[in-house]
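Peer 1: Can you read through this structure? Questions will come right after.
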Amino acid sequence: MDQTTRETFTAVQKNGDGDLTAFQTSTGRILDYQQALNEVKSGAIAGVNVFKGKDGEMYIRGDADGDPTNNLDQLPNF
């Protein structure tokens, strides 16, 4: 899949601690965190990647492109 056919995240849901819990894609799909993690791992979502945290868990983060406006925390809530 190339960049033009891959979905992107356009909005997020957060819990009371400010942790991301769900994502809305550019096609309007709603993914819980685990679904989103699986899709990012498979390469279906553009502009994000998966990394292993200090706690050993896998997390989603935006690609480091120097643009803070597309940081996942900056996306609108849905």
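The values are calculated or read from the model by the stated rules, or taken from the named source; none is laboratory data. It should be emphasised that the depicted structure is a prediction, and the values quoted were computed from it without experimental measurement. Here the Cβ is made from the backbone with ideal geometry for all residues, glycine too, and neighbour counts use every protein chain on show. Only protein heavy atoms, including side chains, enter the accessible area calculation; ligands, DNA and RNA are left aside. Shrake-Rupley method; radii C 1.70, N 1.55, O 1.52, S 1.80 Å.
Peer 1: In the set Thr21, Thr25, Thr10, Thr69, which member is hydroxyl-bearing (Ser, Thr, Tyr) and at pLDDT below 95? Working first, answer last.
Peer 2: On the way: Thr21 fails: at pLDDT below 95; Thr25 fails: at pLDDT below 95; Thr10 fails: at pLDDT below 95.
None of the other options fit; the residue is Thr69.
Peer 1: Residues of the range 42-78 being within 13 Å of Arg6 (Cβ to Cβ) and not in a strand (DSSP E or B), which ones?
Peer 2: Matches in the range 42-78: Ser42, Gly43, Ala44, Ala46, Gly47, Asp63.
Peer 1: Going through the range 64-74 one residue at a time, which ones are surrounded by 12 or more Cβ atoms within 10 Å (Cβ to Cβ) and over 10 Å from the mean Cα position of the chain (by Cα)?
Peer 2: Of everything in the range 64-74, just one residue is surrounded by 12 or more Cβ atoms within 10 Å (Cβ to Cβ) and over 10 Å from the mean Cα position of the chain (by Cα), namely Asn70.
Peer 1: Please go through the range 1-27 and pick out each residue that is open to solvent by 40 Å² or more (accessible area, probe 1.4 Å), of a type outside the set (Ser, Thr, Tyr) and either outside any loop (DSSP other than H, G, I, E, B) or under 17 Å from Phe78 (Cα atoms) (or both).
Peer 2: Result: Gln13, Lys14, Asn15, Gly16, Asp17, Asp19, Gln24.
Peer 1: Still on this model: Does any residue in the range 53-78 that is within 17 Å of Phe23 (Cα to Cα) and of a type in the set (Lys, Arg) come within less than 9 Å, Cβ to Cβ, of a residue that is open to solvent by less than 80 Å² (accessible area, probe 1.4 Å) and outside any loop (DSSP other than H, G, I, E, B) six or more places away or on a different chain, and which pairs are these?
Peer 2: Arg61/Val48; Arg61/Asn49; Arg61/Val50; Arg61/Phe51; Arg61/Leu72
Peer 1: If the requirement is being without any contact (Cβ under 8 Å) to a residue 12 or more places away in the chain and either surrounded by 15 or more Cβ atoms within 10 Å (Cβ to Cβ) or in contact with a helix residue (DSSP H, G or I) (Cβ under 6 Å, 6 or more places away or on another chain) (or both), which of these qualifies: Leu31, Leu37?
Peer 2: Just a single option satisfies the conditions, and that option is Leu31.
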